[in-house]
Amino acid sequence: MIMEFSRLYLTGLTLAFLSVTSIAKTVDVTVTNPSSKDRVNEIVEIKASELINKVGSAHLYVTDSEMKEIPSQITYDSLLIFSASVPAGGETKYQIHSSEAPHIYLPIVTGKTRPERQDDLSWENDLVGFRAYGPDTRHRGEKAFGYDIFFKHPTQTPVLDILYEMQTSSANWAKVDSLRKVDPRKAKAFQDLISYHIDSGLGMDCYAVGPTLGDGTTALLVADSIYYPWTYENIEILDNGPLRFTARLIFPKASVDKDKSTVETRTITLDAGSHLNRCTVTYEGLSKPQKIVTGFPLRDDSEPISDIKHGIIAYADPTQGPDNGKALLGVILPEGIKDSFRKDNHILGIAKVSTAKPFTYYWGFAWDKADITSLKDWHEYLIDLATRQPLSCRISPSL
C-alpha cells in the first residue's frame with residue numbers, strides 16, 4: 001500500500017486563531033509505524049466523523065507531542081489529515097481538539113483553473129507542479145493529450161500564480177514590444193525573465209507534451225491502438241489545501257471500439273511533500289473490460305525502467321534545453337503491471353479496466369536538480385512507496 005509523505009517545514013503559523021471560552025474537548029491519537037524505517041512528515045488519515053462524535057464539534061485542530069499546533073485539513077470525503085513523524089517500529093502521540101470555528105493555515109498544496117491560459121488546470125505542492133490542459137486547448141484544435149509538469153525548487157510557498165502572471169500579463173508583453181523598438185537585446189532579456197519556460201529562481205515548464213501521454217496519463221488500448229484522451233470538459237475542485245488538493249475531471253463522450261458513448265472521469269489527489277499524484281480513473285459506457293496503459297514518451301536513447309515486480313515504470317526525460325536537468329518520471333500501478341512494451345515511441349505499462357471497477361494508480365516526477373538526483377535514486381523512492389506498510393492510528397480519550 002502506498003502512503004505519500006509530506007515534507008512540511010512546520011512553522012506553527014496560522015492566519016486565524018480562535019478565542020475559546022471553554023475548555024476544549026480532546027482525544028489522543030497514537031500513530032504507530034510497523035516498518036523498519038523512520039517515517040518523517042507523512043500524511044495520515046482518520047475518519048472525521050469518528051473524531052467529531054468524540055469531541056462534540058465539527059471543527060478540529062491537531063497538536064503534536066509538545067502541544068504545538070500543526071496544520072491539518074478535513075477533506076471533501078470527510079477525512080482529517082495531518083502530518084505525522086514516527087520512528088521505525090515506534091509510535092508517536094498527537095491530540096485532536098474541538099474548536100468553535102475552523103483554524104486556517106497557509107496553503108502548501110493548492111490549485112486552480114486558468115482562464116487566462118486556455119482553461120488549464122494547474123496544481124502544486126512544496127516539491128512539484130502539474131498541469132492538465134483545458135477545453136479551450138481542444139476547441140483550438142491543439143493536440144495536447146497528456147499531463148504537463150512544472151519544475152520547482154522545494155518551497156512551502158506556492159509559485160504557479162507568479163509564473164502564470166509573468167507569462168500571461170498583457171502589460172509584460174507590451175513592455176517586450178516596446179523594448180524591441182529601441183533595444184532588442186533588452187527586449188530578449190526581459191522576455192526571458194517573464195517566461196515560465198526559463199528558470200528565474202522559482203521554477204519552470206521545460207517539459208514537452210504535445211500529442212503524447214505526457215507524464216503518466218492513462219489511455220485505453222484497443223486492438224493495439226492507443227485511444228489518446230483529449231482535454232477535460234468539466235472540472236470540480238474538491239480539496240484545495242492546505243495539505244491536499246483534489247480535483248475531479250470529466251471528459252467528453254468518446255467512441256471506444258464498439259462503445260459510442262464512453263465517458264472518462266479522473267479524480268486526482270496531491271498531498272504535501274509527495275512527488276506523486278494518486279489518480280482514480282473510471283469509465284462509463286464500456287460494454288466489456290478493456291486494456292489500459294500508462295507511461296511516457298521516449299525522447300532519447302536512454303533506457304527506461306520497467307519494474308513489473310513492483311508495478312513501476314520510470315524514465316529520465318532529457319527536457320527541452322541543455323541546462324534544465326532531467327525530469328525523473330514515474331508511475332506505480334498498485335495492482336501490478338501485466339506487461340510493459342513500447343508503442344508510438346512511448347514506454348508503457350499495461351493493465352485492465354472495466355466499467356464496474358475504478359482503476360487507481362500513482363504518477364508524478366522529480367527534478368534531478370532538486371531533492372532526487374538520479375534515475376537510480378528515483379527508482380528506489382518509487383519502490384519504497386510501492387512496498388511501504390501504512391502507518392496506523394489508534395484513538396483514545398485524553399486523560
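Contact map, the range 31-45: residues that are within 23 Å of E380 (Cβ to Cβ) paired with residues that are acidic (D, E) and in a loop (DSSP other than H, G, I, E, B), Cβ distance under 8 Å, separation 6+ or inter-chain. Pairs shown: E42/E4; I43/E4. Going through (1) open to solvent by 10 Å² or more (accessible area, probe 1.4 Å); (2) part of a strand (DSSP E or B) one by one, E335 falls short only on (2). Only one residue in L179, L193 is over 19 Å from G364 (Cβ atoms), open to solvent by less than 40 Å² (accessible area, probe 1.4 Å) and part of a helix (DSSP H, G or I), so which one is that? None of the others qualify; the one that does is L179. The residue that is surrounded by the fewest Cβ atoms within 10 Å (Cβ to Cβ), counting only those in the range 317-328 that are without any contact (Cβ under 8 Å) to a residue 60 or more places away in the chain and either more than 30 Å from S200 (Cα to Cα) or in contact with a Ser or Thr (Cβ under 9 Å, 6 or more places away or on another chain) (or both), is P318.
Looking at K376, is it open to solvent by 10 Å² or more (accessible area, probe 1.4 Å), over 30 Å from K288 (Cα atoms), more than 21 Å from the chain's Cα centre (by Cα) and basic (K, R)? For K376, the condition - open to solvent by 10 Å² or more (accessible area, probe 1.4 Å), over 30 Å from K288 (Cα atoms), more than 21 Å from the chain's Cα centre (by Cα) and basic (K, R) - is met.
Looking at G216, G210, G201, just one residue is in a loop (DSSP other than H, G, I, E, B), on the phi > 0 side of the Ramachandran plot and touching a Lys or Arg at 6+ places or on another chain (Cβ under 9 Å), and that residue is G210.
Could you please let me know if Y61 is modelled with pLDDT of 95 or more and within 30 Å of G336 (Cβ to Cβ)? No; evaluated as a whole, the condition is false for this residue.
Do you know which of the residues in the range 338-350 that are closer than 21 Å to L276 by Cα and not small (G, A, S) is surrounded by the fewest Cβ atoms within 10 Å (Cβ to Cβ)?
It comes out as I350.
Just one of K54, K25, K47 is open to solvent by 90 Å² or more (accessible area, probe 1.4 Å), at pLDDT 95 or above and more than 20 Å from T387 (Cβ to Cβ); which is it? It would help to see each step written out before you state the result.
Working: K54 fails: at pLDDT 95 or above; K25 fails: at pLDDT 95 or above.
Answer to the check: K47.
Selection within the range 209-227: residues that are buried (at least 17 other Cβ atoms within 10 Å of the Cβ) and not hydrophobic (A, V, I, L, M, F, W, C). The member of this set that is farthest from F150 (Cα to Cα) is Y227.
Residues to consider are S287, S255; find the one that is open to solvent by 60 Å² or more (accessible area, probe 1.4 Å), outside any strand (DSSP E or B) and either more than 24 Å from M204 (Cα to Cα) or modelled with pLDDT under 95 (or both).
On the way: S255 fails: outside any strand (DSSP E or B).
When all the criteria are applied, what remains is S287.
Of the set (1) open to solvent by less than 50 Å² (accessible area, probe 1.4 Å); (2) touching a helix residue (DSSP H, G or I) at 6+ places or on another chain (Cβ under 9 Å), all apply to G364 but (2).
The set of residues in the range 57-70 being surrounded by 18 or more Cβ atoms within 10 Å (Cβ to Cβ) and touching a Ser or Thr at 6+ places or on another chain (Cβ under 6 Å) consists of Y61, V62, E69. Considering the conditions (1) without any contact (Cβ under 8 Å) to a residue 24 or more places away in the chain; (2) part of a loop (DSSP other than H, G, I, E, B), R248 is excluded by exactly one of them, (2).
Residues of the range 106-132 that are part of a loop (DSSP other than H, G, I, E, B) and either open to solvent by 30 Å² or more (accessible area, probe 1.4 Å) or at pLDDT 95 or above (or both): L106, P107, I108, V109, D119, N125, D126, L127.
Summed over the range 210-244, residues that are without any contact (Cβ under 8 Å) to a residue 60 or more places away in the chain, over 18 Å from D271 (Cα atoms) and charged (D, E, K, R) total 0.
The values are calculated or read from the model by the stated rules, or taken from the named source; none is laboratory data. The structure presented is a predicted model; accordingly, all values stated were derived computationally and were not measured. Reconstructed Cβ throughout: ideal geometry from the backbone, glycine too, with neighbour counts over all protein chains shown. We work out accessible area using only protein heavy atoms, side chains counted, and drop any ligands, DNA or RNA first. Shrake-Rupley method; radii C 1.70, N 1.55, O 1.52, S 1.80 Å.
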